[in-house]
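Please read the structure below before turning to the comments.
The values are calculated or read from the model by the stated rules, or taken from the named source; none is laboratory data. Keep in mind the model is a prediction, meaning the values are calculated, not measured. Ideal geometry is used to build each Cβ from the backbone, glycine not excepted, and the neighbour counts take in all protein chains shown. When the accessible area is computed, the model is the full protein with side chains, heavy atoms only, and any ligands, DNA or RNA have been set aside. Shrake-Rupley method; radii C 1.70, N 1.55, O 1.52, S 1.80 Å.
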Amino acid sequence: CGTVFSGIQPTGIPHLGNYLGAFSNWVKLQNDASSQSQLIFSIVGWHALTLPQNPKELLHSRHDMLAALISVGLDPSKVIIFHQDQNPDHVELAWILSCITPIGKLRRMTTWKARLAASRNANAESEVDESMLNTGLFTYPILQAADILAYRANLVPVGEDQQQHLELSRDIADTFNRTYHTDLFPLPQHIITPSKRILSLKDPTSKMSKSAVDVQSRILLTDEYPQIRSKIRAAVTDSIAGITYDPAGRPGTSNLLTILAGCTDTNVSDVAKRYETKGHGQLKADVVEAVEELLKAPRTEFNKLRGETKYLASVSESGLGKARSISQRTLAEVRRLIGLSRMP
Ligand code: TYM
């Protein structure tokens, strides 16, 4: 019971990592008949702005992401789906929370450290320091905390890469509660997705990501069977005979096992046992079929829904209304607690 909140950036067509790391869990939570929870899923346009975006593409991606969420099985009559960037309560709360969040805590975020390192590598000659990076990139985790806390959500289903941001959200909620002598905010808990982290098919030391340059490194929701087959066949593995699950020693092979386990909703060690005496060829062939089986129906639905502009607009409008009616109550209480109530 309680409120479940999660979000995704509209920075392109979602990939298999988003699907196995987030969507599949969101749909499971929705279909759990015994649950009385309120489920809220948001397309976080403001987060997308932390990196340069082409405005036209961003507009398309926002629209596509809404179509994607419905096509993977989220039902707008059961859950709230809305665009974060249409609810100003998030930014208001983010500002308030930024005033109680020390800079040092943001500097410890691995996503920030990675961005800083990437920008140093890209500008090897010049001295790059953090003063040259955008403030939004730095304060992004506070906005994420505001997304969650605006709904007083207590459960957040995300992939493993978001774990540290979740810890910070808990920390910020706790600081707010202690500073203003309240228990307004529950401390949001991470719901672990069984297939935690799907890795790049080309560089299995990094996660599968929408922003990686090599398009062969990810499988998209729109990929047809031939593309899925060629990407999986070309996936980087190793030359060790037999199949074992060893994420540190054999990241590429283990990633294929994780994908197969995720697609078939089975335990990765059980899958690994079945392949002990088989080779990479067989494993890859089976992964291709499993991914196709998983994506076939959502892909067809997505291609159909993308064109249904009126329907999508009505879903987003009604989701926004429901979301705001919750976040406005939280914000009224926050304003009262901090001494900025509208009523004297
Ligand atoms: P984003 O848009 O990068 O990813 C959306 C969801 O997909 C998961 N994910 C993965 N899972 C497994 N393997 C991968 N390779 C992989 N890549 C992405 C992510 O863990 C995530 O669950 N900051 C968030 C968005 C956000 C948010 C929030 C999430 C903003 N506010 C509030 C939860 C609650 C992000 O950039 O996710």
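Listing for the model above:
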| item | result |
| --- | --- |
| Sites SER98 and GLN328 - FRET efficiency at Förster radius 22 Å, r taken between beta-carbons, to 0.05 | 0.60 |
| Crossing angle, helix 110-122 versus the chain [Cα axis fit, 0-90 degrees, rounded to tens] | 70 |
| Per residue accessible area in Å² of the chain, where ligands, DNA and RNA are left out and the probe is 1.4 Å | 48 |
| Cα-based helix-to-principal-axis angle, 280-305 vs the chain, degrees rounded to 10 | 40 |
| Cα shape, the range 119-239, gyration tensor, a/c 1.5 rule | oblate |
| Cα Rg, Dmax (largest Cα-Cα span) when computed across the chain, Å | 21.0, 74 |
| ASP85 accessible area, 1.4 Å probe, all protein chains in place, Å² to nearest 10 | 40 |
| Residue pairs, from the table LYS210/LYS231; LYS78/LYS310; LYS202/LYS304; LYS28/LYS78; LYS56/LYS310; LYS56/LYS105, whose Cα atoms sit over 23 Å apart | LYS202/LYS304; LYS56/LYS105 |
| Rounded tilt (10° steps) of 251-264 against the dominant C-alpha axis of the chain | 80 |
| Where trypsin sites (Lys or Arg not before Pro) fall in DSSP loop in the range 256-324, at most 14 other Cβ within 10 Å | LYS278 |
| Accessible surface of the chain [probe 1.4 Å, protein heavy atoms]: carbon and sulfur percent | 53 |
| Mean separation of Cα contacts under 8 Å, 6 or more apart, over the residue count of the range 61-165: relative contact order % | 33 |
